[in-house]
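A.B. asks: Here it is: the structure, laid out below.
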Amino acid sequence: MIYFLLAAVAVLATLALFFIEQFFQVLFAGYAPFYSTHKKALKKIVANLNFKDNCIIYELGCGNAGFLRLIEKQHPEVKQLVGVEYYWWPFLLAKIQLALRGSKIKIVRRNLFDINLKNVNIIYCYLNQPMMDKLEKKFQQECQSGTQIVSYQYPLKNHSPFKVLEVASGRQQRKIYFYSW
C-alpha cells in the first residue's frame, strides 16, 4: 500500500512540475503551451504536402510528434523526421512512445531557435502567434528556396500563404496556412 501511495505522490508531483513549468514559460518567456493538432487537421495537412525524395521534415514544438508519426506511417520513403520539443515532459513521453514502436523519428529537446533549418524541406508548427512572429525572422534567415512551411491556426504576418485550408475542430473552423519559401 505504501508503494502505491509513493507512486501516486510521484506522479502528482511530476504533473504539478509540468504545469508549473508550462505556466511560467508561457507567461514570462512567451513560449507556446503544449497542445496537440486535431487528427482531422493532421490528415488534411499531410494530404496537401509535396514530398520529394530524400525529404527532411521538422516539427517545431512537436509535443507527442503526431504530425511526424502520420508522415512516417503514410510516407516511409521520407529520409529524416525530426521533432523539436522544449518541454521535458512531452519530450520524454514522445521518446518513450517512439522507442517502443521502433520509430525512425528523432526527437530532440532543444529551444527551437537553436535549431538550424537550412537543409529542411518541410517545417510544421502549431505554436502561438508570438512564437510564429519570432520564427518568421528565423525562416527568412535560414530556409532555402523551396522549403514548405505549414502553420496550424497562426499565420506568418509578413508572408502570403500560397494555400489556406479550413478544417473543423470541435465547433470551430481552424485554418491551416501553407507557405513556400
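The values are calculated or read from the model by the stated rules, or taken from the named source; none is laboratory data. Remember, predicted model here, so these are calculated numbers, not experimental data. In this analysis, Cβ positions are derived from the backbone assuming ideal geometry, glycine residues included, and neighbour counts consider all displayed protein chains.
A.B. asks: Can you find, within the range 48-58, the residue that is surrounded by the most Cβ atoms within 10 Å (Cβ to Cβ) among those that are under 15 Å from Y179 (Cα atoms) and of a type outside the set (V, I, T)? Give the steps one after another, and end with the answer.
C.D. replies: Here is the first cut: in the range 48-58, the ones under 15 Å from Y179 (Cα atoms) are 48-51, 57-58.
Pick out the ones that are also of a type outside the set (V, I, T) and you get 48-51, 58.
On the way: N48: 13, L49: 17, N50: 11, F51: 15, Y58: 26.
Applying the filter and picking the extreme gives Y58.
A.B. asks: Which residue pairs have Cβ atoms under 8 Å apart, sit 6 or more places apart or on different chains, and have a first residue in the range 79-93 that is over 15 Å from L127 (Cα atoms) and touching a residue at least 24 places away in the same chain (Cβ under 8 Å) and a second that is hydroxyl-bearing (S, T, Y) and crowded, with 22+ Cβ neighbours inside 10 Å?
C.D. replies: Within 8 Å, the pairs are V82/Y58.
A.B. asks: Does K175 qualify as being basic (K, R), surrounded by fewer than 11 Cβ atoms within 10 Å (Cβ to Cβ) and outside any helix (DSSP H, G or I)? Spell out how you get there, then give the answer.
C.D. replies: On the way: basic (K, R): yes; surrounded by fewer than 11 Cβ atoms within 10 Å (Cβ to Cβ): no; outside any helix (DSSP H, G or I): yes.
Judged against the criteria, K175 is not a match.
A.B. asks: Right, G83: small (G, A, S), in contact with a helix residue (DSSP H, G or I) (Cβ under 6 Å, 6 or more places away or on another chain), in a loop (DSSP other than H, G, I, E, B) and closer than 27 Å to S180 by Cβ or not? Even if it seems obvious, please write down each step before you answer.
C.D. replies: Numbers: small (G, A, S): yes; in contact with a helix residue (DSSP H, G or I) (Cβ under 6 Å, 6 or more places away or on another chain): yes; in a loop (DSSP other than H, G, I, E, B): no; closer than 27 Å to S180 by Cβ: yes.
Here the answer is no, as G83 does not meet what is asked.
A.B. asks: For the range 1-79, give me every one of the helices (runs of 4 or more DSSP H) that falls completely inside it and has 1 or more residues that are at pLDDT below 85. Lay out the reasoning, then the answer.
C.D. replies: Numbers: elements: 2-29, 39-47, 66-74.
Those helices (runs of 4 or more DSSP H) span 2-29.
A.B. asks: Still on this structure, please answer the following. Check the range 96-114 and report whether any residue there is of a type outside the set (D, E), over 24 Å from K43 (Cβ atoms) and without any contact (Cβ under 8 Å) to a residue 24 or more places away in the chain.
C.D. replies: Checking the range 96-114: at least one residue is of a type outside the set (D, E), over 24 Å from K43 (Cβ atoms) and without any contact (Cβ under 8 Å) to a residue 24 or more places away in the chain.
A.B. asks: Would you mind stating whether A65 is surrounded by 23 or more Cβ atoms within 10 Å (Cβ to Cβ) and either under 17 Å from L135 (Cβ atoms) or touching a Ser or Thr at 6+ places or on another chain (Cβ under 9 Å) (or both)?
C.D. replies: Numbers: surrounded by 23 or more Cβ atoms within 10 Å (Cβ to Cβ): yes; either under 17 Å from L135 (Cβ atoms) or touching a Ser or Thr at 6+ places or on another chain (Cβ under 9 Å) (or both): yes.
Yes.
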